[in-house]
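Q: So that we are looking at the same thing, I have put the structure below in structure tokens.
The values are calculated or read from the model by the stated rules, or taken from the named source; none is laboratory data. Because the structure is predicted, anything quoted here is derived from the model rather than measured. Cβ placement follows ideal geometry from the backbone for every residue including glycine, while neighbour counts extend to all protein chains displayed. Surface areas here come from the heavy atoms of the whole protein model, side chains and all, with no ligands, DNA or RNA. Shrake-Rupley method; radii C 1.70, N 1.55, O 1.52, S 1.80 Å.
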Amino acid sequence: MSAFVIAGMEVSGANALACPWVVNAAHVISPTLFAHNCARQMNLSGERVCIVHHDAQLLGEYPEGKFYNFHPQQRRGATFINHRDYSSKNKHALSMQPTASFHWYLSLIIEIDGAVEVNELKRFLRHAKLAGGKIVSYEKIVPVSDEEEMRAALPRHSPTYFIVERRDLMKLDPDPLESLIQALTLKPSVSGDEDPAEADADVAAKVSILKKTHSWLTPAVLGYTALTKFESRRGVRLLLDTMEEPLHAFCEPLVGLVQYISLNDYGAHALPFWHYNWPRLDTFVVEQYPSI
């Protein structure tokens, strides 16, 4: 098992439109598959990744200064493919696709089965992308052997947050959607020195989260489930290795909850690593190990 930290990675123009109703910078699947791609490029496997968030800038505007009314920046294509690309209202303008983008500053702690050559990793990073964005730069690549070295390799000049799975809060109500809404509207702490358990035992039980006093929750896409059968379809991407046409199915996103927890508040708990899994033949998910 090899482990290394890609510290201070700057990503430009990443995709913030996680699904039709979620726009944020809380990506989990893309870093997990980035680590998978990294391992494949070096003919290795068994990868998992710890996602460390430092900063993000959503590209858009807040009309009239209303923070709840965010308008993502939109873009149009520079060339056309066929007549259907043009706007229905203006025959001289290309259609505009709904998009949302952001710039991301993060670090990744990656574990891979097998020996990793740093020079091969640097070569991979020259052309790799993350969440559809361009990797503009990174501060350093640090081979590490234990969690103490992993933490020490993270940048100290920026805020540092681990992205942690909160599947426990998806059980606040029998209806998962209601659980999501409840969790996002709960206050994670009580102001002052008052103990949350003394203030409201029920709420305290729902949000007992490692004393996460200055943390926040957000929805995140944590998987996909197929809506149709896997079959051959026209227009799908070919496999790069064999140029074969893979089986394809239409799917919908599975949205769960994650939480940003600062390095200081996280304490001595085992680092939260993510890995992908197929619990069923028609369902792909990313899960955290160990679960907190």
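Q: At 1.4 Å probe size, with the rest of the protein present, what percent of the exposed accessible area of region 77-179 is carbon and sulfur atoms?
A: Whole-percent figure for carbon plus sulfur exposure: 52.
Q: Probe 1.4 Å, all protein chains in place: accessible area of Y86 in Å², nearest 10?
A: 80
Q: What does the accessible area of W216 come to, in Å² to the nearest 10, when a probe of 1.4 Å is used?
A: Surface open to solvent at W216 totals about 110 Å².
Q: Keeping every protein chain present and rolling a 1.4 Å probe, give me the accessible area per residue for region 1-160 in Å².
A: Working: 9010 Å² over 160 residues.
Here the residues of region 1-160 average 56 Å² of exposed surface.
Q: Take each of the peptides 155-167, 22-34, 242-254, average the number of other beta-carbon atoms within 10 Å over its residues, and list them starting from the highest.
A: So the peptides 155-167, 22-34, 242-254, ranked by packing, come out 22-34, 155-167, 242-254.
Q: At 1.4 Å probe size, with no ligands or nucleic acids counted, give the accessible surface of K129 in Å², nearest ten.
A: Accessible surface of K129 is approximately 130 Å².
Q: In addition: Quick check: with the 1.4 Å probe, what order do L177, L108, L44 take by accessible area, largest first?
A: Numbers: L177 100, L108 0, L44 45 Å².
So, going from the largest accessible area down, we get L177, L44, L108.
Q: Could you provide, to the nearest whole Å², the per residue accessible area of region 238-281 with probe 1.4 Å?
A: In whole numbers, region 238-281 has 60 Å² accessible per residue.
Q: If you don't mind, another one. Using the Karplus curve 6.51 cos²θ - 1.76 cosθ + 1.60 with θ = phi - 60°, work out ³J(HN,Hα) for each residue of region 109-121 in order, rounded to whole Hz, and write x for Gly and Pro.
A: Running phi through 6.51 cos²θ - 1.76 cosθ + 1.60 with θ = phi - 60° gives 9, 10, 10, 9, 5, x, 7, 9, 8, 4, 5, 5, 5 Hz.
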